[in-house]
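Step one of this worksheet: look at the structure below.
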Amino acid sequence: MDLTNITDEEREGLQRVLEHVRQCGAKRVVCQFPDDWLHQAPALVAWLEAGLEEGPGEAVAVYVAADSPFGTHAVDEVAASRVGADLVVHFGGEEAFLLPPQRSAAVFVTREWRVLRAPSGERGLSAALHPLLRRRLAIVRRVRSEARIFGLVAASVGAAGHSEVLEHLKRVLRHVGRHYYVLYVGKMTPTKLANFAEIDAFVVISDAQTAAELDAVQRDYWRPLITPYEMHIALLSADEGELAQRCCDLAQYSFDFREVLRLPLPTESKLEEEVAPLGADALVQMPSTALAQQNTEAIAYYAARSLRARRWRGLEMGGERAPVQAALPGRSGRARGYDDEPHR
C-alpha cells in the first residue's frame, strides 16, 4: 500500500488517533467512513495498521465499516458489536458529536482533522469545538428574525410522542403569532418542499438520526430546515444572548424531537400578555387573547388565500386533448428481435 498520498494534516490526525488507541488498550478497532471518504479508507487504515504494528503489546485488529447505513450522523454500534470492537473511529461527521454511542467508546475525526473523544453516553464536548452548532445557531437566528410562515413536516407519524410534539409546536406558534401548515409528505425531498413557496422555514419532526443530518442536506433546500428544539428556542428565547446559550449548550441540545416536550410552554397568564416582536419586521403587537380566539379561522383563511394567489399550481394539461383511442395489441418477443420483425 502506497502511503505517500497521506497529507501532513491527515498524518497528524492519524497520529493522535494512534496515541488514543494505545492509551485505551483497544484490541479491536472499527473505522467508520462516510461515502465520500471511502476512496481514502485503504491508505488511512494501512497507515494506522503500520503504526500499531510498531508499538509494544499485543496486535490490534482494524476493521472498516464501509457499508454503514448510518453515514456521517451516528456511530454504527451494530457493526462494532459484530466484531467485538473496543473502539470506533468515526471519520468525517460532526453530526455524530450530538448522538453519542450508548455501548461503544468512540473517537471522532472531523473533516478538519480534529480528533475528539466521546466516552459512551456522555455529552460533555465543548461547544467551542463544534462548528456544527455555530452553523445551526446562524440558521436559528435567521428563522427567529425572518420566518413568518412555518411548515411542520410530519416525518415520523408513527413514532411515540409525535402528536404531542406537534401540538406543542402549534401552541408555540400561536403564542408568537406565526402562521403554519402541517405537512405530511412521506419521505422528505427538496422537490416536495419546494412546492410550498409560501413557507419561510420547515420544522422537521423526525427521528434523531434524520434530524442530525439536516445541516448536511441544508444546501439542497431553499428554505431553512430546523428541529422542534431549535424552533422552540428561536421563538421563545428572551433575547439573542439566551438564544446563543441554549443553541450551543450540549447539555440541553438534542436532536430527539420528543425532548422538546421537556421545555416549558407559555403559561396561560403569559398568553394574555402582548406578543413581543422577534424581528425588525415583526407583527404589530396585539393582545394574544384576541389572536388565540381567531387563530384557527385566521390560519385557515390565510392558507387558502395564499394557495389561490399562486401563479404556478403544478403541471396542468392545457389546450386541446388528444382523442381517446381503443387499445391495440402490443409487440411480443425480445427487444433484439420482436416476433413481427424479419429474422436476421
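The values are calculated or read from the model by the stated rules, or taken from the named source; none is laboratory data. Given the structure is predicted, the values throughout are model-derived calculations rather than measurements. Methodologically, a virtual Cβ is constructed for each residue, glycine included, from the backbone with ideal geometry; neighbour enumeration extends over all protein chains shown.
When Val185 is tested against (1) at pLDDT 90 or above; (2) touching a helix residue (DSSP H, G or I) at 6+ places or on another chain (Cβ under 6 Å); (3) surrounded by fewer than 20 Cβ atoms within 10 Å (Cβ to Cβ); (4) of a type in the set (A, V, I, L, M, F, W, C), just one condition goes unmet, and that condition is (1).
For (1) buried (at least 16 other Cβ atoms within 10 Å of the Cβ); (2) closer than 19 Å to Gln245 by Cβ; (3) modelled with pLDDT of 70 or more, each residue gets a yes or a no:
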site: Ala96; (1), (2), (3): yes, no, no
site: Phe108; (1), (2), (3): yes, no, yes
site: Ser126; (1), (2), (3): no, yes, no
site: Leu133; (1), (2), (3): yes, yes, yes
site: Ala138; (1), (2), (3): no, yes, yes
site: Phe150; (1), (2), (3): yes, no, yes
site: Lys170; (1), (2), (3): yes, no, yes
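Scanning the stretch 195-207 for residues that are assigned to a loop (DSSP other than H, G, I, E, B) and either modelled with pLDDT of 90 or more or touching a Cys at 6+ places or on another chain (Cβ under 6 Å) (or both) returns Ile199, Asp200.
Determine, yes or no, whether Ala46 is at pLDDT 85 or above and part of a helix (DSSP H, G or I). Considered against the rule, which asks whether it is at pLDDT 85 or above and part of a helix (DSSP H, G or I), Ala46 comes out as yes.
Yes or no, residue by residue, for (1) surrounded by fewer than 18 Cβ atoms within 10 Å (Cβ to Cβ); (2) at pLDDT 75 or above; (3) part of a loop (DSSP other than H, G, I, E, B):
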site	(1), (2), (3)
Gly84	yes, yes, yes
Ser120	yes, no, yes
Arg142	yes, yes, no
Ser163	yes, yes, no
